[in-house]
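Some notes on the structure that comes next.
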Amino acid sequence: MDADHPAEPDVFSLFAPVAVEETFDGVLTEARQILGQLDDPVDAELWGSDLIGALASSAVGQASLMETLTRSLVPAAEAASTPEALALLRVFAAVGSPDLRAAAGQAADRLRGHDLADPPWAGTVGAPQVRDCWHYADVGGRQESLTMTFAYGDKQHAVSVLIDHGRGGKIRDTWVAKGPGVRADTEREAARDPLVVFEMIDAADARLRLERAIGAGECPEQPDQVDDVVAHRALLRARLDLLAGRC
């Protein structure tokens, strides 16, 4: 999921390539093992985004996957009526498509009405505060790194994308870093290279750049880049929707 959780199971090997509808027991097992141990909302989002990425191999496309999750896994989770099912719904309500978020959120609220206990991160997951945004690029403009920072209370995280303008502005890599020092580290590294330009930007500019990159598509090349792009795809789109609603 991220560098803080190196020993977690590989969800890709657990769920692909089988029909999404047939994965529910495995998904709930994963949810029970992982989600109940988390206290940081972004870790729950990362788990959910990774899960959606793993399930994507069993669907025709991202839209088809989200429709299947809305139509099949959300009702199944509500019917299961267990703490891990409620946690799963909260995650889908944070990083799913708009329709999936709505359906999962409503189902989760109904389960909560049955006296099931929410996970500790449920009250804030999916709605972090927007903080600093920046980008840096080589002077030739071939590649650009775009970073948007967010915070749950005093816990900050940065969502970054590497945009390849030589490939039509597509996303080559995506990653998440936790902690307050990401901006300072980035500025320090950029200052050491005269061929790199660093610039602070506002959230509205970051949203437009991210929207263009997502619309252009994906172009990962190395195996780790492929894994990163797939695992963070849902989170990236959720953060775009968050920025769109606040900018």
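A compact table of results
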item: Degrees, to the nearest 10: 182-191 long Cα axis against longest axis of the chain; result: 20
item: The chain, relative contact order in percent, only Cα pairs under 8 angstrom and at least six apart counted; result: 19
item: Extension gain (nm, one decimal) between ALA216 and ASP154, 0.36 nm per residue minus Cα-Cα; result: 19.0 nm
item: The stretch 43-122, accessible surface, carbon-and-sulfur percent (1.4 angstrom probe); result: 53
item: Interatomic Cα distance distribution for the chain, bins of 5 angstrom, percent; result: 1, 7, 14, 18, 19, 16, 12, 7, 4, 2, 1, 0, 0
item: C-alpha long axis of helix 203-216 to longest principal axis of the chain, angle in °; result: 80
item: Charge context of GLU144, other residues only, Cβ under 11 angstrom, K/R +1, D/E -1; result: +1
item: Per residue value of the accessible surface for the chain (all protein chains in place, 1.4 Å probe), Å²; result: 45
item: Modelled FRET efficiency - R0 30 Å, THR82 with ASP241, Cβ distances, 0.05 increments; result: 0.60
item: Net charge of Cβ neighbours under 11 Å - reference ARG32; Lys, Arg +1; Asp, Glu -1; result: -3
item: Extended-chain gain in nm, criterion 0.36 nm per residue less alpha-carbon gap, ARG131 and GLN33; result: 32.1 nm
item: Loop GluC sites (Glu not before Pro), the stretch 143-247 (other Cβ atoms within 10 Å of the site Cβ: 15 or fewer; DSSP); result: GLU221
item: Net +/- balance of residues flanking LEU111 in space, Cβ distance below 12 Å, scoring K and R +1, D and E -1; result: -2
item: Principal-axis tilt of helix 24-34 within the chain, Cα atoms, nearest 10 degrees; result: 70
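The values are calculated or read from the model by the stated rules, or taken from the named source; none is laboratory data. This one's a predicted model, so the numbers in the text were calculated from it and none came from an experiment. Glycine also receives a Cβ, built like all others from the backbone with ideal geometry; neighbour counts cover every protein chain displayed. Please note that ligands, DNA and RNA were not included when accessible areas were found on the heavy atoms of the full protein model with its side chains. Shrake-Rupley method; radii C 1.70, N 1.55, O 1.52, S 1.80 Å.
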